[in-house]
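Here the structure comes first, spelled out in structure tokens, and everything after it is commentary.
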Amino acid sequence: MKTNHDYVEFTDRFSANNYHPLPVVLTRGKGIWVWDVEGKKYLDMLSGYSALNQGHCHPRIVNALKKQAEKLTLTSRAFHNDRMGEFLKKICDLTGYEKALPMNSGAEAVETAIKVARKWGYSKKKVAEDKAEIVVCENNFHGRTTTIVGFSSEAQYRAGFGPFAPGFRIIPYNDTKSLQRNINQNTIGFMVEPIQGEGGVIVPSEGYLRRCREICSQHNVLLILDEIQTGLGRTGKLFAYEYEQIRPDILIMGKALSGGFYPISAIACDDSIMEVIKPGDHGSTFGGNPLASAIGLAALEIIIEEDLAQHAYDLGNWFMDELRKIKNPLIREVRGRGLLVGVELSEKARPYCERLMELGILAKETHEKVVRFAPPLVITKKDLQWALEHISNVLSV
């Protein structure tokens, strides 16, 4: 029988060295559990960076995929298909926007939002040609394209990939005064994560997004929220911005939009913004294909019908309260919303993730010193209690 080590060694012979995964090779998943090639069972506390809110291999999505895969998978956007409209209507019904534009990866959705915002800025706000600016935040993570890493404040994400596209202004996160100062006549958008997930599960001050909304409205600037990781139930609301009772101008979503089955993303906004996009302005061969549409529709229905947002809210609050009871001077802070939780340590987090792996819990460090816990939203309190016992043993003095 091949071991985890055998598979890692074999894969490393052919793979680019662009990730540093934990040394476990997974071969099967169901619900909140995954199994490695040696037969060991683990509780998945990462959920594919929140793509698996519905759990691994949810049977409803499996059935939707199989049924559609046997019928029609791809038409390209050269022709219509009979599934995309239903999928986009579901997105619009759930978010309250008039239009949606489907893509594939999250980074593609961010790029789409940038293009739509710029086109709106030139055609509606009448910004001078090639002068449009979008304000973004330090410590952001919006994807890995050259445009996106160009406005990252993380040195490694930028190193060796320039020259970068102009048109972005970086300000501190959770600082509305800086946002106000950095808006000028060329500013067409402010793009921000409601919670910085990759940045270390950074939760802004209460009222931050509400004040950002006010400033953007005051200056006729589009508020663009990246809810790729935080959206679709993860934080205890369908979208994290609902905690502030605001409405962004452009909403970016992905990851759990497919339940982990397929790359599916989208942006949503009202027609007064989306109408600036004309045939030929933007597109994707696979975006909105019938297979993706069938999968996405099932994934959204599960989130609503199984009330996963409320489940995440209830369990997440309990889980964070229990984590805060762990006594260890190395623990600097426990923070998060719903079942997106970060435990910040005063030393590197990876050794703790490796110990958890040995005990059958898969979590991953982020921003070097933060252990992120984000299990599938279908997890039960009993299973989370089991995990908490092991987490407590690993993190306690």
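If I go through the stretch 147-203 residue by residue, how many of them are in contact (Cβ under 8 Å) with a residue 40 or more places away in the chain and charged (D, E, K, R)? Even if it seems obvious, please write down each step before you answer.
Of all residues in the stretch 147-203, those in contact (Cβ under 8 Å) with a residue 40 or more places away in the chain come to 148, 167, 179, 182-203.
So of that shortlist, the ones also charged (D, E, K, R) come out as 193, 198.
Counting residues in the stretch 147-203 that are in contact (Cβ under 8 Å) with a residue 40 or more places away in the chain and charged (D, E, K, R) gives 2.
The rows are residues; the columns are (1) assigned to a helix (DSSP H, G or I); (2) touching a Ser or Thr at 6+ places or on another chain (Cβ under 7 Å).
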position	(1), (2)
F87	yes, yes
A107	yes, yes
H142	no, no
T147	yes, no
P166	no, no
I170	no, yes
S178	yes, no
Q185	no, no
P194	no, yes
Going by the conditions given, is I215 farther than 29 Å from P263 by Cα, outside any helix (DSSP H, G or I), more than 21 Å from the chain's Cα centre (by Cα) and at pLDDT 95 or above?
no
Quick check on my filter: what residues within the stretch 324-366 are farther than 27 Å from E38 by Cβ, touching a residue at least 12 places away in the same chain (Cβ under 8 Å) and part of a strand (DSSP E or B)?
I331, R332, V334, R335, G336, R337, L340, V341, G342, V343, E344, L345
The residue from R335, R324 that alone is over 20 Å from the mean Cα position of the chain (by Cα) and either closer than 21 Å to S205 by Cβ or outside the structural domain of E193 (by TED's automatic domain parsing) (or both) is R324
Quick check on S153: is it of a type in the set (S, T, Y), outside the structural domain of E368 (by TED's automatic domain parsing) and assigned to a loop (DSSP other than H, G, I, E, B)?
yes
Any residue at all in the stretch 86-104 that is crowded, with 18+ Cβ neighbours inside 10 Å, small (G, A, S), over 18 Å from I252 (Cβ atoms) and in contact (Cβ under 8 Å) with a residue 24 or more places away in the chain?
no
Filter the stretch 25-76 for residues that are surrounded by 14 or more Cβ atoms within 10 Å (Cβ to Cβ) and polar (S, T, N, Q); which is nearest to D6 (Cα to Cα)?
S47
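A quick yes/no check of all residues on (1) modelled with pLDDT of 95 or more; (2) closer than 22 Å to S47 by Cα; (3) in the same structural domain as L340 (by TED's automatic domain parsing); (4) of a type outside the set (A, V, I, L, M):
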residue: R211; (1), (2), (3), (4): yes, no, no, yes
residue: P248; (1), (2), (3), (4): yes, no, no, yes
residue: I252; (1), (2), (3), (4): yes, yes, no, no
residue: G260; (1), (2), (3), (4): yes, yes, no, yes
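Taking the stretch 89-105, which residues are over 18 Å from the mean Cα position of the chain (by Cα) and part of a loop (DSSP other than H, G, I, E, B)? Steps first, answer last, please.
Of the residues in the stretch 89-105, the ones over 18 Å from the mean Cα position of the chain (by Cα) are 89-90, 92-93, 96-99.
Selection gives G96, Y97, E98.
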Output for the stretch 354-377, where each listed residue is crowded, with 20+ Cβ neighbours inside 10 Å and within 18 Å of the chain's Cα centre (by Cα):
A363, K364, E365, T366, V370, V371, R372, F373, A374, P375, P376, L377
Here the residues within the stretch 250-269 that are in contact with a Phe, Trp or Tyr (Cβ under 6 Å, 6 or more places away or on another chain) and not aliphatic (A, V, I, L, M) are C269
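The values are calculated or read from the model by the stated rules, or taken from the named source; none is laboratory data. Keep in mind it's a predicted model, so treat the numbers as computed, not measured. Note that we place each Cβ from the backbone using ideal geometry, even for glycine, and neighbour counts take in every protein chain shown.
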